[in-house]
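Before any comments, here is the structure.
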Amino acid sequence: MPLLIALVLFLLSFHVRTAFSAHCSVATPTKTFEKCMTLPTQQASIAWTFHAHNATLDLVFFGTFISPSGWVGWGINPSSAEMTGTRALIAFPDPNSGQLVLLPFILDPTVKLQKSPPLSRPLDIHLLSSSATLYGGKMATIHNGAAIQVYATLKLVPNKTKIHFVWNRGLYVQGYSPAIHPTTSNDLSSIATIDVFSGFSAAHRDDTRTLKIAHGILNAVSWGVLLPTGAATARYLRHIQALGPTWFYVHAGIQLCAFIIGTVGFAIGIRLGELSPGVVYGLHRKLGFAAFSFGALQTLALLFRPKTTNKFRKYWKSYHHFVGYACVVLGVVNVFQGFEVMGESRSYAKLGYCLCLSTLIGVCIALEVNSWVVFCRKSKEEKLRREGLISCGSGKGSGIHG
């Protein structure tokens, strides 16, 4: 239990630290802006100045490359908060010279469906100027993690101060066409609706992120820790005669808590799917449904548990063991799949979970070795007893005949 509490606190502290680690700045080497905002994904941020008298917006986007041959871009969708329809400015190294170039793109439906590569063309919005620079000036080079600033000045529709801001980054460029970006949860959530006059952004993105964090923590604790702990409890405590039936109540209590917490996490996952139309994580979703189904079957099986004298008891035990271990394996595998989906495959949260799971596995290995030592000793004593070398009243071999 202390290990479980430590894991929960570690996961919570990691997500809180992640939320507040990034910061925004209004100052650049060439200009100072009035407002700034940290964007919820990719450690990106923006700064801007809105001139209300002529509806002009001066804006700079701060992003980072994830590959020396990759791309970084941002854009504005005039109609809705989605990628399709975005008018974008994308920066990447020139395939011929290696110098940084900035080109305009219109992301129509064919780009999202990958039917054709995006081709640069003039934007149909009032873009007055644009430029891009690497952090460090002219001597800076594009590399993994290189910081970039993309500037633009554009004229907005009068009396309309809300913009649908879209940003992303990719691994490589084909010719002068950016290739598809990664499809992790963070990359697919790089959209925000911002009021450039007040400086506030729409809250639904933050709500979705909160649900994702809750979904991840609840499922990691239930399917990834409590369920394997309950299975280990049944396997290694049932043979301790001093405990009597206590092991069963401990096992059932842990598994029931795991299933209740897991059900809440599962329901949050369903809700996240409803809030993210078009975003489908096929493997994660299938594993989640399979684990939940097996967990529900295990819970229902308790209602039909035969007595020890019933002839069907051995069949019920076989079923219970198979479904139980299958549920444990599916749950743990899906927790790791969840880290991949959330883009946390190299995070401290995953490291914390791995340490917790490794500790549990280490304890199970030690108990397994101990149980086999006890089993072998008892088997040897039983063999000697049958051969008459040990008296029936002896428990430790003190009755061996000379």
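The values are calculated or read from the model by the stated rules, or taken from the named source; none is laboratory data. What you see is a predicted model, and the numbers here were worked out from it, not measured in a lab. A quick note on method: Cβ atoms are made from the backbone with ideal geometry, for glycine too, and the neighbour counts reach across all protein chains shown. Protein only, heavy atoms only, side chains kept; ligands, DNA and RNA dropped before computing areas. Shrake-Rupley method; radii C 1.70, N 1.55, O 1.52, S 1.80 Å.
For the reader, a short list of remarks on this structure follows.
- Exactly one residue out of ILE90, ILE76, ILE142 is under 16 Å from PRO178 (Cβ atoms) and part of a strand (DSSP E or B): that is ILE90.
- Restricting GLY136, GLY170 to those that are in the same structural domain as VAL101 (by the TED database) and modelled with pLDDT under 90 reduces the list to GLY136.
- Residues in region 44-100 that are open to solvent by 40 Å² or more (accessible area, probe 1.4 Å) and charged (D, E, K, R) were compared, and the one that is modelled with the lowest pLDDT is GLU82.
- Number of positions in region 155-197 that are of a type outside the set (Ser, Thr, Tyr) and under 28 Å from PRO68 (Cα atoms): 20
- Restricting attention to region 210-253, the residues that are within 24 Å of ARG285 (Cα to Cα), in contact (Cβ under 8 Å) with a residue 40 or more places away in the chain and open to solvent by 60 Å² or more (accessible area, probe 1.4 Å) add up to 0.
- ALA192, sole failed condition from (1) at pLDDT 90 or above; (2) of a type in the set (A, V, I, L, M); (3) in a strand (DSSP E or B): (1)
- Test result for LYS155, free of Cβ contacts under 8 Å to residues at least 60 places away in the same chain and under 25 Å from HIS51 (Cα atoms): no
- Region 338-353 residues that are at pLDDT 85 or above, paired with ones that are open to solvent by 50 Å² or more (accessible area, probe 1.4 Å) (beta carbon under 6 Å, 6 or more apart): GLY352/PHE10
- A single member of LEU330, LEU303 is free of Cβ contacts under 8 Å to residues at least 40 places away in the same chain and over 20 Å from LEU237 (Cβ atoms), and it is LEU303.
- Taken as a whole, region 267-278 holds no residue that is open to solvent by 30 Å² or more (accessible area, probe 1.4 Å), among the charged types (D, E, K, R) and closer than 24 Å to ALA326 by Cβ.
- Test: SER371 is within 30 Å of THR41 (Cβ to Cβ), surrounded by 11 or more Cβ atoms within 10 Å (Cβ to Cβ) and in the same structural domain as VAL221 (by the TED database): no
- Among residues of region 52-73, those that are in a loop (DSSP other than H, G, I, E, B), farther than 25 Å from LEU188 by Cα and touching a residue at least 60 places away in the same chain (Cβ under 8 Å), counted: 3
- So PHE65, is it under 12 Å from ARG169 (Cα atoms) and of a type outside the set (Ser, Thr, Tyr): yes
- Total residues in region 138-170, condition farther than 20 Å from LYS31 by Cβ, open to solvent by 40 Å² or more (accessible area, probe 1.4 Å) and touching a His at 6+ places or on another chain (Cβ under 8 Å): 1
- Boolean, LYS307 is open to solvent by 30 Å² or more (accessible area, probe 1.4 Å) and either of a type in the set (A, V, I, L, M, F, W, C) or assigned to a helix (DSSP H, G or I) (or both): no
- Checked against (1) under 24 Å from PHE259 (Cα atoms); (2) within 32 Å of the chain's Cα centre (by Cα), ARG313 meets all criteria but (2).
- Failed criterion for SER371 (all others in (1) in a helix (DSSP H, G or I); (2) in contact (Cβ under 8 Å) with a residue 40 or more places away in the chain; (3) within 25 Å of the chain's Cα centre (by Cα); (4) over 18 Å from GLN255 (Cβ atoms) hold): (3)
- The condition of being assigned to a helix (DSSP H, G or I), touching a Gly at 6+ places or on another chain (Cβ under 7 Å), surrounded by 13 or more Cβ atoms within 10 Å (Cβ to Cβ) and modelled with pLDDT of 85 or more holds for HIS284.
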